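Below you'll find the structure, written out as C-alpha cells, and then a few comments.
Nothing in this text is a laboratory measurement; each read-out follows from the coordinates by a stated rule. Here the structure is a predicted model, which is why all the values come from computation and not from measurement. So basically every Cβ, Gly included, is an ideal-geometry build from the backbone, and we count neighbours across all protein chains shown.
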C-alpha cells in the first residue's frame with residue numbers, strides 16, 4: 001500500500017488521450033444549434049399532422065433484430081453479450097423495433113397508428129464520407145390502414161417538411177409498385193427476373209437511357225426492353241402520363257394524384273416518374289423519393305407502402321406507409337444552399353457584471369428579460385467589460401446590456417449591438433419592451 | 001384601375017349591388033369619400049341615427065358602419081361582402097381579402113420620421129433604434145427587407161409625441177399634409193407606403 005503511494009507520486013499523473021471511435025461524431029454547440037433547428041422544424045411538421053412519437057430501447061435482444069436486414073445487415077449489426085451473458089444488439093434501424101413495438105402494444109395503440117421517430121441507430125459499416133457508424137434516422141409512418149389517404153398525407157408531410165426547411169426547389173418523385181408490376185407482367189418479364197429489372201430501373205437517372213438499355217438487354221429480350229424503355233422514358237404532365245398508361249393498373253395513382261391536388265401539393269413538386277422503382281422488395285404500393293435538383297447528393301427522403309410490417313412478430317396483418325428523411329443529407333443540402341446561416345446559439349442577451357454594487361441590478365435585468373421569454377445570461381465574474389464582450393462574441397450573443405454605476409444612477413441601460421458595435425441608451429423601464437420589439441422583428 | 005371620384009356613376013363600375021353588404025368607415029378620413037362612392041353605385045344611403053347597419057330598401061344593399069381597423073376582418077370572414085378601407089390598414093391587418101380596385105380618394109403616406117435635431121439621418125441609422133408606430137407589421141416587414149433590426153414600439157394613437165417623451169427615437173405614421181410632423185418638430189426620413197382607399201372583397 002505504502003509502496004504504491006510512493007510510486008504514484010513519482011510517475012506523471014496518467015491522462016487518457018481524448019478521442020472518439022471511428023464513424024462516430026462529436027457535435028459542438030454551433031453544430032448542435034443547426035441540427036436542432038432542422039430536427040425541430042421536421043418534428044413541428046409531423047406534429048401538425050397529428051403524429052406522436054415513441055421511443056424504443058437502444059439495446060434489444062439480438063433475436064429481435066437478427067435476420068431482419070438480410071445477410072449484409074446481419075454483418076453490420078452491433079452485437080455483444082451484456083454483463084448478464086445475454087445476446088443483445090444495438091438498434092440498427094427504427095423500422096424493426098417499431099414492428100416489435102406495434103406487435104407488443106397493438107391493443108393499446110390507436111389504429112391507424114401515426115408515429116414519428118427521430119433517434120440514433122448504429123451500424124458497423126466501413127466509415128466513409130457521409131457514412132457513419134452512429135447516425136440519426138428520422139421516420140414518419142401510418143400503420144394499420146391501407147387507405148390511399150395515408151399515402152396522400154405522407155406526400156403532404158414530405159412537401160411541408162421541405163417547404164418549411166426553406167427549400168424552394170425539390171422534387172417529390174412518386175410511382176406505384178402496382179403499376180410497375182402490371183407493366184412488367186404485361187410485357188412478359190418473368191417473375192424471377194423482375195426484382196433485377198427493378199434494381200436496374202433505379203439506375204436510369206444515374207446512368208441514362210442508353211446504358212440502361214444495354215444492361216436490360218443482358219437480362220430480358222430486346223422486344224421487352226423496347227416496350228419497357230418506351231414507358232420509362234415517357235414525358236408529359238401527370239395527367240398525360242396517366243392516360244398514356246391507361247392499359248396498366250393506374251387506378252391507385254389516379255386517386256393519389258387527385259387527392260394530392262386537394263392537399264395543394266403543387267404538380268411542379270410532385271412528379272410522376274414511371275421509372276422510380278426503389279429496389280427494396282418490401283414495397284407494394286405508392287413509393288416516394290425526394291431529390292434536390294440543384295445538388296448532386298442523391299435522394300434526401302424515400303419510402304412507400306409496405307404490407308405486413310409486423311409479420312416476424314405477430315400473425316396479425318399491419319399494412320403501413322411511411323418515409324425516412326435522410327437527416328445528415330438534408331443538413332448538408334441546407335448548408336450548401338445557405339439555409340442555415342441565421343441559426344445561432346441560444347443566448348440572445350448578455351448582461352454585464354460590473355461589481356458587487358451593481359450586481360443586484362444586473363440580476364433584476366436578467367430576470368425581467370428571462371420572464372419575457374428572452375434568452376438572457378449574466379456574466380459570471382466582475383472583470384473588465386472588454387473581456388465580457390469577448391465572451392459575448394464567442395457565444396455569438398447579439399446584444400450586451402451594460403449596467404454600470406452611471407447607468408444605474410441615471411435609471412438607464414446601455415445596449416451594445418455586438419454586430420454593429422453601436423451602443424444605445426434607453427430608460428431602464430423600457431428594457432423589456434425594447435427587446436420585445438426587436439424579437440418580433 | 002385608377003379613377004377620380006365624381007358625383008356621376010363612373011363607367012367602370014359594374015358591380016351588382018343587390019344583396020351586397022358593404023362595410024365602410026363609421027367616421028374618419030375615409031367616411032365622406034366612402035359615402036360618395038356608395039352613392040355613386042346607386043345605393044341610397046342616409047346614415048341617420050346611431051345604427052351601425054343600414055338596410056337600403058330600393059337597391060337591396062346593406063351598409064355596415066364600422067371602425068376602419070375592423071373592416072378587413074369583416075370582409076375576410078364574410079360578414080361583409082365588400083369593404084372600403086385604406087391600403088395602410090389593409091397592409092397592417094393582413095386579412096385574406098382581395099383588392100377589387102383603388103378608389104382614388106383618401107390618399108396618404110406612411111412615413112418614417114425623426115426629430116429635426118436627431119443624429120439619425122438615414123434608414124440605415126435606424127438599426128437598433130426605437131420606432132413608435134401603429135403599423136408594427138408593415139414597419140417590421142419594411143425594415144426586415146432592408147436588413148434593419150430596430151425595436152418596434154406599438155402605440156395605437158398620437159405616435160408623434162413618442163420622441164419628445166423619450167419613448168422612441170423615430171416614428172412611423174400616416175401623414176396627409178405633413179403639418180402634424182412639423183408641429184412636433186419631426187422630419188420625414190423615408191416613405192414606407194403610399195396609400196389610398198380601396199374596395200376589397202373576400
Checklist entry - Full extension from residue A:312 to residue A:21: what is 0.36 nm times the residue separation minus their Cα-Cα distance, to one decimal in nm? => result 101.5 nm
Checklist entry - If you build a Gaussian network model of chain B, linking Cα atoms that sit under 10 Å apart, which residue out of B:155, B:174, B:84 swings the most? => result B:155
Item to check | Inter-site label distance for residue A:126 and residue A:240 at 7 Å from Cα along Cβ, in nm | outcome: 4.5 nm
Item to check | Gaussian network model of chain A, Cα within-10 Å springs - most flexible of A:214, A:330, A:143 | outcome: A:214
Checklist outcome for this item: Put in order of increasing Cβ neighbours within 10 Å, starting from the fewest, A:221, B:68, B:125, A:82 give A:82, A:221, B:125, B:68
Checklist outcome for this item: Per the 1/(1 + (r/R0)^6) rule, R0 = 35 Å and r from the Cβ atoms of residue A:233 and residue A:72, FRET efficiency to 0.05 is 0.65
Checklist outcome for this item: Placing each pseudo-label 7 Å from Cα in the direction of the beta carbon, residue A:346 and residue A:363 end up separated by a distance in nanometres of 2.1 nm
Checklist entry - On average, how much area does the Cα convex hull of segment B:45-186 cover when viewed from any direction, in nm²? => result 10.7 nm²
Next on the checklist: Ignoring solvent entirely, what values of log10 I(q)/I(0) come out of the Debye formula for chain A at 0.07, 0.12 Å⁻¹ when each Cα is a single scatterer?
Outcome noted: -0.52, -1.08
Next on the checklist: Quick check: Cα centre of segment B:92-161 to Cα centre of segment A:238-306, how many Å?
Outcome noted: 46 Å
Checklist entry - Can you give the average number of partner chain beta-carbon atoms within 10 Å of each beta-carbon in peptide A:306-314, as a whole number? => result 0
Next on the checklist: Per-residue counts of other Cβ atoms within 10 Å, averaged by peptide: what ranking do you get for A:114-124, B:49-59, highest first?
Outcome noted: A:114-124, B:49-59
Checklist entry - Can you give me the relative contact order of chain A as a percent, contacts being Cα pairs under 8 Å and 6 or more apart? => result 14 percent
Checklist outcome for this item: Per the 1/(1 + (r/R0)^6) rule, R0 = 56 Å and r from the Cβ atoms of residue A:380 and residue B:190, FRET efficiency to 0.05 is 0.85
Next on the checklist: With 14 Å as the cut-off, how large is the P(r) tail for segment A:56-122, expressed as percent of Cα-Cα pairs?
Outcome noted: 59 percent
Checklist entry - If you rank A:150, B:40 by fewest surrounding Cβ atoms within 10 Å, what's the result? => result B:40, A:150
Checklist outcome for this item: Computed, not fitted: 222 nm per-residue ellipticity of the protein assembly as shown from DSSP H runs ≥ 4 (each -39500 (n - 2.57)), nearest 500, equal to -10000 deg cm²/dmol
Item to check | Label-point separation in nm, residue A:199 to residue A:61, each point 7 Å along Cα→Cβ | outcome: 3.3 nm
Checklist outcome for this item: Dividing the mean separation of Cα pairs under 8 Å (6+ apart) by the residue count of segment A:1-118 yields a relative contact order in percent of 25 percent
Item to check | Rounded FRET efficiency, nearest 0.05, which uses the C-beta distance separating residue B:107 from residue B:19 and R0 of 25 Å | outcome: 0.20
Item to check | GNM result for chain A, Cα springs below 10 Å: residue of A:325, A:49, A:27 fluctuating most strongly | outcome: A:27
